[in-house]
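The values are calculated or read from the model by the stated rules, or taken from the named source; none is laboratory data. Small disclaimer: the values here were computed from a predicted structure and weren't measured. Here the Cβ positions follow ideal geometry from the backbone for every residue, glycine too, while neighbour counts run over all protein chains shown.
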Amino acid sequence: MNLVASVPQGLEEALANEIAKLGASDIKTHKRFVSFKCNKRNFFKLHFYSKIAFRFYREVASFYCFDKSSLYEGVQNSFDWLNWLPPQNSFCVTVTGSLPSLSHSHFTALEVKNAIVDLQKSNWGSRSSVSTHDPYLIIHLHLRNDKAILSLPSTLNSLHKRGFRPSLGFAPLKENFASGLLQMTGWDGQQPLIDIMCGSGTFLIEGVSHAFDMPIKLQKKYLFENWLDFDKEIFLQEKQKINQNFIHNTSYKNVIGCEINFQVYNQAKKNILMSGMQNYIELHNKDFSELVINQTKGIIICNPPYGKRLGNEKELVNLYSKIGEFLKKNCSGWEFWLLSGNPALTQYLKMKASRKIQVSNGGIDCRWIQYLIR
């Protein structure tokens, strides 16, 4: 199958490495997506174990497209809609990209819909209904450079929604974004991991999940189960392997989080409990400056406010100075990774960065910065 995975900007290489380990081939990175090939068995494994992808799209057709007429004809003639979409089943259309003559995504989606239902009516005298809530198929159209690409998204919901985070902090990280950042650090569970301002606990939960190679929460129903060539036998084989392969550690106290706000601390506790990782994560309701660092050297992470959504920039100067002083005094030999959305504030750490990786956090241009604490 030819596939595309959508991903937060800046995490393309991390996703490419992840899906390569899960059996993908012919991998190419692009801005905010990764294209690749894989067989059906590895395709199912990706849905169980990929921690970084938002969604997977299976490319089923492509054709040259210049205007409304060529779009209509191309959709009807490029794929076997009559066998893949019976008229008793619903569908919806999503669109990305544009062409000069097809610049309105809603109009373009209507034209794709019309092409399919007209084809159905001409053959069966009946047509599928449109449903965005519970579609049998989602049909995705991408327009670029006089070319139309039709794909089938494999899930209704984004894979970043793990299903165990009912309680959110004030500016929570998406789970797949946090997982990708952690994978960039190279942390594998063999060293301590400390989040000095852990918020709702996303970094901690995703860190343990990755270190133990835990599967993400399975969806009740995958859209690929409706595909004409869905192989149920292989799907059930791979699904059954999950519990067989996963080994639970009874105790694991190498992962530590600090959260000074009592309300947010309680939110983190709930999220960790919902994720089933309460035996693996040590959580403290106190300021990071009160944390006693007596573990062997490891990795410290932090996603502090940077004056965009939370905090006044002038008030945050003292916070960044405090972080830098704490690290230099207590954490010599450790690695520190900071998610920064404001370069004017990171200078107050008074630490020299070893590496800066450009990423996008919810539309905010950020840097994932590595410091080697001396």
(request) Tell me which residues, restricted to the stretch 36-63, are more than 27 Å from L173 (Cβ to Cβ) and touching a strand residue (DSSP E or B) at 6+ places or on another chain (Cβ under 6 Å). (result) K37, R58, E59, V60, A61, S62, F63
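Filter the stretch 83-109 for residues that are of a type outside the set (A, V, I, L, M, F, W, C) and outside any loop (DSSP other than H, G, I, E, B); which is surrounded by the most Cβ atoms within 10 Å (Cβ to Cβ)?
Of all residues in the stretch 83-109, those of a type outside the set (A, V, I, L, M, F, W, C) come to 83, 86-90, 94, 96-98, 100-101, 103-106, 108.
Next, only the ones that are outside any loop (DSSP other than H, G, I, E, B) stay: 83, 94, 96-97, 105-106, 108.
Numbers: N83: 8, T94: 16, T96: 15, G97: 15, S105: 16, H106: 9, T108: 24.
Per the stated criteria, the residue is T108.
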(request) Of all residues in the stretch 113-154, count the ones that are β-branched (V, I, T), surrounded by 19 or more Cβ atoms within 10 Å (Cβ to Cβ), touching a strand residue (DSSP E or B) at 6+ places or on another chain (Cβ under 6 Å) and not in a strand (DSSP E or B). (result) 0
(message) Any residue at all in the stretch 100-119 that's closer than 24 Å to I323 by Cβ and either modelled with pLDDT under 95 or touching an Asp or Glu at 6+ places or on another chain (Cβ under 6 Å) (or both)?
(response) no
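Could you look through the stretch 216-235, keep only residues that are aliphatic (A, V, I, L, M) and under 24 Å from the mean Cα position of the chain (by Cα), and pick out the one that is modelled with the highest pLDDT? Reasoning before the result, please.
From the stretch 216-235, those aliphatic (A, V, I, L, M) are 216, 218, 223, 228, 234; that's our starting set.
Still in the list and also under 24 Å from the mean Cα position of the chain (by Cα): 216, 218, 223.
Values: I216: 89, L218: 84, L223: 98.
That would be L223.
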(request) Kindly check whether there is at least one residue in the stretch 167-182 that is among the polar types (S, T, N, Q), surrounded by fewer than 20 Cβ atoms within 10 Å (Cβ to Cβ), within 13 Å of the chain's Cα centre (by Cα) and not assigned by TED's automatic domain parsing to the domain that holds P100. (result) no
(message) Suppose we filter K31, K51, K21, K40 for residues that are over 24 Å from Q240 (Cβ atoms) and not polar (S, T, N, Q); which single one remains?
(response) K31
(request) Tell me, please, whether a residue that is within 17 Å of the chain's Cα centre (by Cα), closer than 20 Å to G341 by Cα and in the same structural domain as P304 (by TED's automatic domain parsing) can be found in the stretch 203-215. (result) yes
(message) Just to be sure I understand, how many residues within the stretch 189-213 are part of a loop (DSSP other than H, G, I, E, B) and farther than 19 Å from F48 by Cα?
(response) 10
(message) Restricting to the stretch 34-82, count the residues that are touching a Gly at 6+ places or on another chain (Cβ under 8 Å), buried (at least 18 other Cβ atoms within 10 Å of the Cβ) and assigned to a loop (DSSP other than H, G, I, E, B).
(response) 4
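Residues checked against (1) out of contact with any Phe, Trp or Tyr (no Cβ under 9 Å at 6 or more places or on another chain); (2) at positive phi; (3) small (G, A, S):
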site: L46; (1), (2), (3): no, no, no
site: Y49; (1), (2), (3): yes, no, no
site: R58; (1), (2), (3): no, no, no
site: S69; (1), (2), (3): yes, no, yes
site: Y72; (1), (2), (3): yes, no, no
site: S98; (1), (2), (3): yes, no, yes
